[in-house]
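The values are calculated or read from the model by the stated rules, or taken from the named source; none is laboratory data. This structure is a prediction, so every number in the text was calculated from the model and none was measured. For neighbour counting, all protein chains shown are included, and Cβ atoms are generated from backbone atoms with ideal geometry for every residue, glycine included.
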């Protein structure tokens, strides 16, 4: 064992990669309840751990093989390793660069590190790009965009994945960009690298980003590029997912704000309508119970009462009636142009009930009131939330950056890199292929108009039932119901969450957001 460690110490990058890759693999093995790795060099001699890793990452079934207790001969271990490499190279389609079963059985550390990097590159960074070079470029462009303008970083900007990460400021800036309250970037000193690195790694762990590197790994003259990329890719996936959730939360909040505003206006309508209907009843009673008396003076008094009602009392109430008709029409017109279900008030305050009451006092004014109400709201239109010129420019800039041959088209690799630079990840290769086929409409390349159209469709707030439900589904992490705690994503506020939990019907162990949205659209 001592001889092995001495050999490794000659290459610092070997020790760093060994430690970093082990942490990354163990992080994913734990998520699936698989046994973790102790010493990366010794863990693949029978192929079983490699099978567990591929199964945990890609859900590929583990084939029939010899268990550890059944292994008696070297050839059986080689047979297991062969099956494990088939899962890796054929089923998961990971390029392992001439890795052979004998390399695993004989504990060839550098080949095992190469295999581990191939797995990390495929699983963690393939959503950014296809091959190593473009993956690094896409990830680097994301880092540069997020750290632009940060003191002691830009200028000149992050140029690679080695020396630019030694003082810890780049890690701190990535966290501050997404969670400014968690790190006081203005108080950081570039000369205190150890403090900066420890702070970044500690806060990142609190955000669910695994600590794959130690502080000492970054304090070397030239930190290991692959280890830094592995750590940064965890930041990318954490913050890219958060960005999508914030977009979903923003759309959900737009929906909530509209619903809350409509609810307040409906409550206001019902209160004013009941006051007006009560006045109608009191007026009718006063007329029916009025005592005219027996003299001329009594008759004149009755005329004065009638005139007072017609001149002073009735006109403001007629105005109140028109105001209520306008309010009801505004509510339902806005609901209609926004594709919401119509507002149906309680039967005692419907417009028809109010109209019937007024007809008992003055039938002649009915036709005019209806005409005014119908004419007032012919021009209300739904507000369109369009993509801004700045967003279009950003889309076009990413397209042109990755259009390396300047033919105004992106091939599949360039398209994925361009999306990665804009913070758009993919769950797996199948999801990306589906998107690529839809955007190109079956062609082999993506044109600039197609690219801008696709990005616009992702960013545009359409306020359709499908988009609102998809936003809630994203907040619920793909579940059919949502928990109240999952709604606490800015810009949704406390009042928004209180409204949603009070209005959404319960289904099973959660809230039925799909049924709630359907009930509010037509």
*Are any of the residues in the range 84-94 more than 27 Å from residue 416 (Cβ to Cβ) and crowded, with 19+ Cβ neighbours inside 10 Å?*
yes
*asked:* So, in the range 165-199, how many residues would count as being more than 22 Å from residue 25 (Cβ to Cβ) and touching a helix residue (DSSP H, G or I) at 6+ places or on another chain (Cβ under 7 Å)?
replied: 22
*Check residue 61 against each of (1) over 30 Å from residue 414 (Cα atoms); (2) more than 36 Å from the chain's Cα centre (by Cα) and name the one condition it does not meet.*
(2)
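Yes/no per residue for (1) part of a loop (DSSP other than H, G, I, E, B); (2) modelled with pLDDT under 90; (3) out of contact with any strand residue (DSSP E or B) (no Cβ under 7 Å at 6 or more places or on another chain); (4) loosely packed, with under 10 Cβ neighbours inside 10 Å:
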site	(1), (2), (3), (4)
364	yes, yes, yes, yes
372	no, yes, yes, no
380	yes, yes, yes, no
387	yes, yes, yes, no
397	no, no, yes, no
401	no, no, yes, no
406	yes, no, yes, yes
414	no, no, yes, no
*Segments classed as helices (runs of 4 or more DSSP H), wholly inside the range 147-229, with at least 2 members that are outside the structural domain of residue 17 (by TED's automatic domain parsing), within 28 Å of the chain's Cα centre (by Cα) and surrounded by 17 or more Cβ atoms within 10 Å (Cβ to Cβ)*: 169-178, 193-206
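Would you mind stating whether residue 272 is modelled with pLDDT of 70 or more and not in a helix (DSSP H, G or I)?
no
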*Residue count, the range 421-441 (criterion: in a helix (DSSP H, G or I) and over 13 Å from residue 458 (Cα atoms))*: 11
*Please work out which residue is farthest from the chain's Cα centre (by Cα), limiting yourself to the range 318-365 and to residues that are without any contact (Cβ under 8 Å) to a residue 24 or more places away in the chain and within 27 Å of residue 466 (Cα to Cα).*
344
*Would you please name the residue that is surrounded by the fewest Cβ atoms within 10 Å (Cβ to Cβ), looking only at residues in the range 483-515 that are under 17 Å from the mean Cα position of the chain (by Cα) and part of a loop (DSSP other than H, G, I, E, B)?*
490
*Pick from 518, 480: which is surrounded by fewer than 17 Cβ atoms within 10 Å (Cβ to Cβ), in contact (Cβ under 8 Å) with a residue 12 or more places away in the chain and over 18 Å from residue 259 (Cβ atoms)?*
480
*Among the residues of the range 454-462, is there at least one that is part of a helix (DSSP H, G or I), under 14 Å from the mean Cα position of the chain (by Cα) and touching a residue at least 24 places away in the same chain (Cβ under 8 Å)?*
yes
